[in-house]
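Below is one structure, written out as structure tokens; comments come after it.
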Amino acid sequence: MEFGTAQTVLLVVFGALTLGAGISVIMQRNPLGSAVSLLFAFVGLSGLYILLNAQIIALFQVMVYAGAILILIVYVIMLLNLKDEGRPGLYIIKGGQRIAGMLAGVALLAEVLYILTSLSPRTRVVAAETFGDPKSLAELLFSRYVFAFEIASVLLLVAIVGAVILSRKSKGEPFVHDETETGQESEEKADES
């Protein structure tokens, strides 16, 4: 795949968007701000997939992650009523964790530099003709990997049922418990009993 000037510019723009949004996800103090940054990271990744001629993966990225998973994250944030607690950002990390993180970052940087310097300029990776094609993906998914696909769907179903069971506090309580009752509702409940 040869990149022209426009594709190179778009690659840098989408890469910078993804990287900047990813950094913003972990640097935000407000959980809702992190979720919005995550949306931009998903959109940037989708743009990168389109540039790599993997349109079906880009579509899944937007539909599944930006559409469904991010909405679920926002619902959880709203349900838990998380607020900015005035945490001091990254300064809550203890000394040993900071050193371990720095060592892991240096090791990752060394790996990336080694890979970039060991590749010759003539090394070229060519994807298959059908890469990113919905038809070839569907054929693989529903023939060769059908068992794994079904196991994943059962696993997701079990996770959903488990989340519903864990969200119930006790047998008689409703799923959502609103603790901000108005005085009129309290009086109506007292009159009924």
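What follows is calculated from the coordinates using simple rules that are stated; it is not laboratory data. Predicted, not measured: the structure shown is a model, and the values here were computed from it. Cβ placement follows ideal geometry from the backbone for every residue including glycine, while neighbour counts extend to all protein chains displayed.
Just a few scattered comments:
- Label point at residue 126 placed 7 Å out along Cα→Cβ; residues across segment 1-35 whose backbone nitrogen lies under 12 Å: 1-2
- The label-point distance for residue 147 and residue 64, in a model that sets each label 7 Å from Cα toward Cβ, rounds to 2.1 nm.
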